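Just below is one structure, and these are the notes that go with it.
The values are calculated or read from the model by the stated rules, or taken from the named source; none is laboratory data. Computed from a prediction, not measured in an experiment: that's the story for all the values here. Don't worry about glycine lacking a Cβ; one is built from the backbone with ideal geometry, like all the others, and counts go over all protein chains shown. Just so you know, the surface numbers come from the protein's heavy atoms only, side chains and all, with ligands and any DNA or RNA stripped out. Shrake-Rupley method; radii C 1.70, N 1.55, O 1.52, S 1.80 Å.
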Amino acid sequence: MLSTATPSVKTRKLENGMTVLWQPMPWLRTAAYTLWMPGGITAEIRDLPPNVDPVSRCGLASLTVEMVQRGAGAFNSRQFVAAEDNLGIDSNASSSTSITGFSAAMPAESLGPAIGLLADLVRRPHLPIDQFEDAKMMLRQEMLANRDEPTQRLMKRLRQRQYGYQLGRNGMASEESLASLTMDDVREFYTQHFHAGESILSIAGNFDDAEINDVIDQAFGDWKTGTWDGLPTPDPIEGHEHIELPSSQTHIGFSFDNIPYGAPEYFVMRAGIGILSDGMSSRLFDRVREQHGLCYSIWANTHSMPPSKDRDGNRIPATGAVFGYAGTTPQRAQQTLDLTLQEIKHLCKELEESELERWKVRIQSSLIMEQESANSRAGSLASDQFQIGRVMPTEELETIIESITLQQIKDYYESHTPESFRIVTIGPEPLAGGVAFDDTANIGEGEKK
């Protein structure tokens, strides 16, 4: 158990619909915020007319985020950057499947002014038309870099197959969208999705409660409200896909359905995936990479989409998946895939107490490190609130983790053994969809290293 008592998280909801979360961490000299506004990449194609190609909207959320940062409030673009630098603020902004987010870490004394700058950014951006082409150029460079990075291409395509075209779409621009997106599209996206309704502002670090709440009220109390249309229903694409690429490497991506964060057995399931893939003592790393020398990189992790509601108030349930990757040579690719899927299917076999204990130690370590990072804690607060509608106290999480047993993991995976995988590969040759691993197959000595 953690030795230091963690101050409780406090929550309040503003009249405009914004949820504010804050957790004092008085032992730190820093502070951080995270702001999430529902309406990310999936919102790009909401209410799209039938005659408009969805590809022409790719990157709109990211383009809007880029334009918002080009001057706000009393500052032009350069002045805004200088104002953050003068306060020691390290900020980030991005769009993801379900949200548009802004975050920053800073010295504790800069938190109040930083929240003021954040309010300028999301409430009073200049959206200068003379910088629109420069912003699109940034998206073009990212798009071209992605084409040269097969791992990113692979995982983006795998995500689309796992969740379907709408829910699995990525934020990358396309040639079509870079040619067709206009400043009016950006202004419309900003107007519709930058508002307080169902947004989340989380703060962690060293600050005075009353003082920071006064700052929040002044910055966001009269911000306009709005609604969120929720997330699309998953519509997965079954089967396997190969993307041909002349290369000395083969990249393998795999995924399968799983339970989301917030499900009763989530942490039992997560413990199994941890035994499978967390750290250099995990089964995939040890058995596929080290013992057989089949790949240079291998991992698997869990992913969740939160529940939401459509415009009619109908509940769209949360959904989850496990995504994994292996990088290897064409000669070893089929064996890598076969052994990886075998390890996943036989996860509940020969479970050892030492495997579970190693995973628990890793989780405890991450919780301890989170107490030393205001930025990490602010992000965790926002994520919990968005995913499950509340913040899970550190003590509650510790108790859950400590109570997990090997028998629970075995029982779970015996009744939830994945039987169907979605597989995407990039390389010179396609692979079979995962057959029984042949441990006797001939691998040349030169290929083992």
In the stretch 127-247, taking the dipole from +1 charges on Lys and Arg beta carbons and -1 charges on Asp and Glu beta carbons about the Cα centre, the listed residue (ILE203, THR151, PHE189) farthest towards the positive end is THR151
Longest principal axis of the chain (C-alpha) makes with the long axis of helix 132-147 (C-alpha) an angle, in degrees to the nearest 10, of 10
Counting only protein heavy atoms and leaving out ligands, DNA and RNA, the solvent-accessible surface of GLU176 at a 1.4 Å probe, in Å² to the nearest 10, equals 100
In Å², rounded to a whole number, the accessible area per residue of the stretch 199-239 with probe 1.4 Å is 46
For the stretch 217-313, the percent of accessible surface on carbon and sulfur atoms (probe 1.4 angstrom, ligands and nucleic acids excluded) is 48
Computed, not fitted: 222 nm per-residue ellipticity of the chain from DSSP H runs ≥ 4 (each -39500 (n - 2.57)), nearest 500, equal to -12000 deg cm²/dmol
For LEU48 and GLN141, extending 7 Å from Cα along the Cα-Cβ vector and measuring point to point gives, in nm, a value of 2.7
Of all GluC sites (Glu not before Pro) in the stretch 399-432, the ones in DSSP coil with at most 14 other Cβ atoms within 10 Å are GLU419
The percentage of the accessible area of the stretch 1-83 (probe 1.4 Å, all protein chains present) made up of carbon and sulfur atoms, to the nearest whole number, is 52
Result for the stretch 1-144: accessible area per residue, probe 1.4 angstrom, in square angstrom, of 44
Pseudo-spin-label distance MET183 to SER365, built 7 Å along Cα→Cβ, given in nm, is 5.2
For LYS136, the lysines lying under 30 Å Cα to Cα, once residues fewer than eight places off in the same chain are dropped, come out as LYS156, LYS224
The answer for the stretch 333-395, accessible area per residue at 1.4 Å probe in Å², is 43
Computed curve, the stretch 178-250, Cα-only Debye sum without solvent term, log₁₀ I(q)/I(0) at 0.12, 0.17, 0.21, 0.26 Å⁻¹, is -0.72, -0.90, -1.05, -1.19
Among trypsin sites (Lys or Arg not before Pro) in the stretch 190-283, those in a DSSP loop whose Cβ has at most 13 other Cβ atoms within 10 Å are LYS224
Rounded to the nearest Å, the spacing of the alpha-carbon centers of the stretch 334-349 and the stretch 252-319 is 15
Those chymotrypsin sites (Phe, Trp or Tyr not before Pro) from the stretch 1-104 that are DSSP loop and have at most 16 other Cβ neighbours within 10 Å turn out to be TRP27
Projecting the Cα atoms of VAL55, GLN131, ALA119 onto the charge dipole of the stretch 41-188, where Lys and Arg contribute +1 and Asp and Glu -1 at Cβ, the residue farthest towards the positive end is VAL55
Rg from C-alpha atoms of the chain, normalised by the globular rule of thumb 2.2 N^0.38 Å, equals 1.04
Reported to the nearest 10 Å², PHE189 has, with a 1.4 Å probe, an accessible area equal to 10
For the pair ASN16 and SER247, the simple spin-label estimate (label points 7 Å beyond Cα toward Cβ) gives in nm 4.5
By the C-alpha gyration tensor axes a ≥ b ≥ c (rounded if a/c is under 1.5, else prolate when a/b exceeds b/c, else oblate), the shape of the stretch 110-225 is prolate
Of the accessible area of the stretch 356-420, computed with a 1.4 Å probe and all protein chains kept, carbon and sulfur make up a percent value of 52
Rounded to the nearest 10 Å², the 1.4 Å probe accessible area of VAL288 is 0
Of SER376, SER8, ordered by accessible area with the largest first and a 1.4 Å probe, the sequence is SER8, SER376
